[in-house]
Each structure stands twice: as structure tokens, then as C-alpha cells.
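Single-structure report; data block below.
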Amino acid sequence: MAPTEDSIIATSSPPHFVLVPLAAPGHMIPMADLALLIAERGARASLVTTPVNAARLRGVVERARHAKLPLEIVALPFPPPAAAGDEDDVVLPPGFENIDQIKDNSHFLPLFQAIHRLAGPLEAYLRAQPQARRPSCIVADWCNSWTAAVATRVGVPRLFFHGPSCFYSLCDINVATAAEHGLVPEDESEAYAVPGMPVRVEVTKATGPGFLNSPGFEAFQEEAMEAMRTADGAVVNTFLGLEEQFVACYETALGKPVWALGPFCLVNNSRQDVASRGHDESSGADLQSAVTAWLDAMEPGSVVYASFGSLARKLPGQLFEVGHGLEDSGKPFLWVVKESEVASPEAQAWLDALETRTAGRGLVVRGWAPQLAILAHGAVGGFVTHCGWNSVIESMAHGVPVVTWPHFADQFLNEKLVVDVLGAGVSVGAAVAPVKLFDDEAVLVLRGDVARAVSELMGDGEAAEERRKKAREFGERAHRAVEKGGSSYENLTRLIQIFGENGRSPQGNLKL
Ligand code: UDP
């Protein structure tokens, strides 16, 4: 959408927001949506990343150019390996700039170390901006704590963007405080109630995991917590009609403003917007047409969509349980399988056989699927999700209830929110996180669990109707939140006004 006179916010000078996403699809996609939201309201938005990631944002650039939006992608060169004898023992393969390219768990730490070395180039970029485009505010991913020192040196206010639900973020802060007071049980499997929550939330160490808490990441996590403490505020991809009490409690716990501006995904409102979202393949529009044509032939609300986000990868043992579970549920399904999951001839043959058996009621998409187009289609009545927050909020924004199968990070708490608090989901019963983020060999969920949860979600009973009704209500509230007069729309208006008027004052003097 091109900015209209009505949507553009009058400020003494349009502010310039410099957005620094973490290099992972589940972090870059919402930040790109946020950049579009900001630019559509007349403020300048620059997305700072590296060349491989910038190429993936080509669709955003095209869209901004077409609509004459003040949005640009800044591609800083990917940092070279640290000097010999320095921190990195493992050298990243060339062209590895995004977490979804990692095939070996040992590449995680070197990627984060390399990303941290973007501090110098970011500072140089900020200092090089002409007066008319002087940065007003840095919005950096929570994991990009290295931006904190840069912002201080350059004298630019900084907000952090935390990807998960506010429910998760509030639990995380409260668990950290409890841990400082020795209130978190040592035993991985012992359940305890998270203190300071407005509702009762029980977690174990194994299901309350957070970000950057793997061995080797201790310094990064500490730095991220410190950067959170020193930030000027937070931007979150949620809306008051979904999480009002948690946004309010999170704001109190943080002691700084929390700007709920979501669901960001609703900035994508045309077929083209959706086709190019999150990937740089030119085949996106063709795939979207094929998927839409298949869905068009299905009954309204009859199809269950199954996808596990951009990172989680299943080995054949677990993958086969998903496929058999969908087949055994007897419901029409649209299942997204990653190319790497069916790379072996054995997995390929198994999938071919499944497709033959379920022809007419099952569609398997290999690779990247147009998730928003699928969720927006009237034939889709449920979503089997790994509970990445983007997937959950995209589902709620489109009024689609979910089967929850959390894998790691914030996902177990996002599950609790959607099942226990919002009443819009059925749990598949995943009890623990995989030991390894990628390619864990454990088979944690069986076909019977998948079939049972899908049947419950898509069934006719009173509970299923109630979940559908709740999801529909959240969908309606989501759309109202981003319309003029809605909470997210007006929060963004205020944010832009603040930085347009006094955002250039030194850090600490902001009147947020
Ligand atoms: N996504 C998509 N197509 C796919 C897989 C993922 O469009 O085939 C998008 C999805 O819509 C969401 C993001 O990628 O915006 C995944 O983020 P999420 O937080 O759900 O999970 P993560 O990938 O971070 O685990």
C-alpha cells in the first residue's frame, strides 16, 4: 500500500528508524513487516543486514519501490573470520549468513560471533548518514545485544524487538528473577509455578527454555539481558486484543514502554505481498497459485495445515510419524516438508507412497510455502504448528485454531498461552524440547498423538466449536487493532510522533 495522506503521520521531521534483525527467518520476516508498517506511515525505515539476507528481502525492496515508500535495505559486508587464535575455533562455510543455513550444530556459535562483529560496520553506517536521514531510533532484535554499545556511542535511542509473545517474555523475566533468588528447582523435570504472573503458569526447566541458553552462549545471554535493561523500550509483535494483561505486566516488569504494534503480518494484504514474503525464489507466485487452486477445491474449514517453521528439521523417524498421523486423522491436509528432510532416497520413497495413498485429500509442499496465503484461505480450518510466535500470531490473525507441538526456545510457553489462556488450541502432548536444536534423533511425538490432536481440533464437538469461535474472535480483533483507531495503529502513530519530535535527544532524555 502506498502511504495515503490520511495514514501519514505529521511530525516536525519524519523520523528514521534503523532496524537490525537477527539473521533468522523467524526474526527477519516480522522485522521486514515492521519496516513496511513504519514506512507506510511516512517515517523512514532502513533494514540493516548482510548480503545473503538482503537478497532474500528483494520482494520488500520491490514493494517499497513500487509504492514509493521510504524504505531501504542496507547490506553490510558479512564479517570475515576472527584473526587466528581469537575466539572462533570453527570457521563458517562461505555464504553462511543465516541461522537456517546451519546444518551442523557446531556452526551456531561462530555465526553469532560473526554477527557480533557487525558492530563496527553498523556504527560507520550510522555516522555516515546525512543530516536529513540522521537515525532517530535503532530497533534491534533482542539477540543483537551488540547494538547497545553502538547506540550509546552514536547517541541514538534504542528499542529492542523481542519476537515472542509478551506472555513468554513476562515469564522469562520472572523466571530470571526467581532464579536469582534460588527459587527455580535444579531438577530438569520438576514443575514449579512462575512467580509474578497474572495467571497460574507451571513450567519445568525442560519446557521453560529461552533464547541463547545453550552451553557456550552464557556471555551472549548475559549481554542480551543487560541490553534489555539498558534499552529505551521494547517493540512487540502482538496486540492488546490478544495479550492485554501480559503486555501491561511486561511493561511493569521491564520498567519501560512496550509498544504492541502487531500483528505485523497484516501489513501484507495483496497476493503479491504474500507471495514474496520471506524468501527470494521467483517461483513463489506460481507455487501460491497452485496451492490456492488446490485449496479452492476443498470444503470451507476442512483442511488442516501442518508446518514447523523455518528452522526445526525432522529426521525420518519423526517425520514419518507426522505423515502417518495426518493420514490417520482422515482429514484433508496441506503439509510443508523441508527439502533437507526428504533428501535421502528412503525418505523420498516414503513420501511418494504417502502422497499416492492420500491423493485428493493431501497436498505436500516441499520447501518454502506461502504461509499467509494458506492461513488466509477459507478452506483452512486448523494449523499444526511448532508454536514459533510468528506462526501462532499469524494463525490467530486469520482466525485459525491450532494444534500445538512446541520444539524449543519460547515455543512451550507460546503453547501454554494459546491452549490454556486463549483457549484456541489443542496440545499434541510434546513434553520436552529436543536435545539438539537441529536434527534430534528422538521421536518425541507419535502418529497416534498427531491423529488424536488433529481429530480433536477439526472435529464437531462443543469444545472444537468453542476453539473455532475464539480463534475467529481473535482474528476480528487483530484486524481491528491494525485499522485506524485500533490499538496497534495508534501505538505506531505515537511511536512515530515521539521520534519525529524529540527522538534526536540524547539517550536517556526521551519522553516516551
Ligand atoms: N514461513 C513461511 N513459509 C514456510 C515456513 C515459514 O512463510 O514454509 C514463515 C512463517 O509465516 C513465519 C516464519 O516463516 O512468518 C516462521 O516464524 P516462526 O516464528 O513461526 O518460526 P521459526 O521459523 O522462527 O521457528
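Nothing in this text is a laboratory measurement; each read-out follows from the coordinates by a stated rule. No experiment lies behind these values; they were computed from the predicted model shown. For neighbour counting, all protein chains shown are included, and Cβ atoms are generated from backbone atoms with ideal geometry for every residue, glycine included.
If each DSSP helix of 4+ residues adds -39,500 (n - 2.57) and the sum is divided by the residues in the chain, what number results at 222 nm, nearest 500 deg cm²/dmol?
On the way: 19 runs with 216 residues, N = 512.
Only helices count here, giving -13000 deg cm²/dmol.
Hey, what did the chain get for relative contact order, percent, Cα under 8 Å, at least 6 apart?
Working: 950 pairs, mean separation 88.3, N = 512.
Across the chain, relative contact order equals 17 percent.
Starting from the Cα of His181, move 7 Å in the Cα-to-Cβ direction to define the label point; list residues of the range 242-256 whose amide nitrogen is under 15 Å from there.
Under cut-off, by backbone N: 253.
Taking the Cβ-Cβ separation of Arg229 and Ala55 as r and a Förster radius of 41 Å, what is the calculated FRET efficiency to the nearest 0.05? Kindly include the intermediate steps, with their values, before the conclusion.
Numbers: r = 35 Å, r/R0 = 0.85.
Once the sixth-power term is evaluated, E becomes 0.75.
Mind checking which aspartates and glutamates have their C-alpha under 14 Å from Lys205, skipping anything on the same chain fewer than 8 residues away?
Correct list for Lys205: Asp172, Glu186, Asp187, Glu188, Glu190, Asp410.
Per residue of the range 32-47, what does 6.51 cos²θ - 1.76 cosθ + 1.60 with θ = phi - 60° give for ³J(HN,Hα)? Whole Hz please, x for Gly and Pro, Karplus curve as stated.
5, 4, 5, 4, 5, 4, 5, 5, 5, 9, x, 8, 7, 10, 10, 9
Over the range 277-477, calculate the relative contact order: mean separation of alpha carbon pairs under 8 Å at least 6 apart, over the residue count, as a percent. Present the calculation step by step, with values, prior to reporting the outcome.
On the way: 340 pairs, mean separation 54.2, N = 201.
It comes to 27 percent, rounded to a whole number.
Taking Lys469 as the anchor, which lysines have their alpha carbon closer than 29 Å to its alpha carbon, excluding any fewer than eight residues away along the same chain?
Result set, ordered by chain and number: Lys331, Lys416, Lys484.
Give me the net charge of Ala359's neighbourhood, meaning all other residues with Cβ under 14 Å from the Cβ of Ala359; Lys, Arg count +1, Asp, Glu -1.
On the way: positive: Arg357, Arg361; negative: Glu327, Asp352, Glu355.
So the environment of Ala359 carries a net charge of -1.
If the chain between Thr493 and Val443 were fully stretched, how many nm would it gain, using 0.36 nm times the residue separation less the Cα-Cα distance? Spell out each step's value before the answer.
Values: separation 50, 0.36 × 50 = 18.00 nm, distance 4.73 nm.
The Thr493-Val443 span can extend by a further 13.3 nm.
Which of the three applies to the chain, rounded, prolate or oblate, going by the alpha-carbon gyration tensor with a ≥ b ≥ c and a/c under 1.5 meaning rounded? Show your work: numbers first, answer last.
Details: a/c = 1.41, a/b = 1.33, b/c = 1.07.
Because its axes are fairly even, with a/c under 1.5, the chain counts as rounded.
Within a 10 angstrom radius of the beta carbon, how do Lys338, Lys205, Lys68 rank from fewest other beta carbons to most?
Least crowded to most crowded, the residues run Lys68, Lys205, Lys338.
Could you calculate the contour length gain from Asp296 to Arg153, that is, 0.36 nm times the residue separation minus the distance between their Cα atoms, to one decimal place in nm?
Details: separation 143, 0.36 × 143 = 51.48 nm, distance 5.46 nm.
Taking Asp296 through Arg153 to full extension adds about 46.0 nm, to one decimal.
Which one of Leu254, Ala67, Gly325 is farthest out on the positive end of the charge dipole of the chain, using unit charges on Cβ (Lys, Arg +1; Asp, Glu -1) and the Cα centre as origin?
Of the listed residues, the answer is Ala67.
What length, rounded to one decimal in nm, is gained on full extension from Glu190 through to Ala67, with 0.36 nm per residue of separation minus their alpha-carbon distance?
Details: separation 123, 0.36 × 123 = 44.28 nm, distance 5.36 nm.
Full extension from Glu190 to Ala67 adds 38.9 nm.
Can you put Asp410, Asp460, Asp232, Asp420 in order, fewest other beta carbons within 10 Å first?
Values: Asp410 26, Asp460 6, Asp232 20, Asp420 15.
Lowest to highest Cβ neighbour count: Asp460, Asp420, Asp232, Asp410.
Give me Asp296, Asp172 ranked fewest to most by other Cβ atoms within 10 Å of their Cβ, as a rough exposure proxy. Let's see the in-between values first.
Details: Asp296 10, Asp172 24.
With the fewest neighbours first, Asp296, Asp172 line up as Asp296, Asp172.
Run down the lysines and flag those whose C-alpha is under 16 Å from the C-alpha of Lys314, throwing out any fewer than 8 positions away in its chain.
Within the straight-line cut-off, Lys314 pairs with Lys103, Lys338, Lys436.
What is the set of long-range amide H partners of Leu47 at a cut-off below 5 Å, with H atoms built 1.01 Å from backbone N?
Leu19, Glu72, Ile73, Val74
In terms of the Cα gyration tensor, with a ≥ b ≥ c the square roots of its eigenvalues, is the range 277-477 rounded because a/c is under 1.5, prolate because a/b exceeds b/c, or oblate? If you can, show how the numbers build up before the last one.
On the way: a/c = 1.36, a/b = 1.13, b/c = 1.20.
Cα axes put the range 277-477 in the rounded bin.
Give the residues of the range 345-386 whose amide nitrogen is closer than 18 Å to a point set 7 Å from the Cα of Ser270 in the direction of its Cβ.
Under cut-off, by backbone N: 372-373.
With the Cα gyration tensor of the range 383-492 giving a ≥ b ≥ c as the square roots of its eigenvalues, does the rule (a/c under 1.5 for rounded; else a/b larger than b/c for prolate; else oblate) give rounded, prolate or oblate?
Taking the square roots of the gyration eigenvalues as a ≥ b ≥ c, the range 383-492 is oblate.
Name the long-range amide H neighbours of Tyr305: under 5 Å, sequence gap of 5 or more, or other chain; modelled H, no Pro or chain starts.
So Tyr305 has HN proximity to Leu334, Gly381, Gly382, Phe383, Val384.
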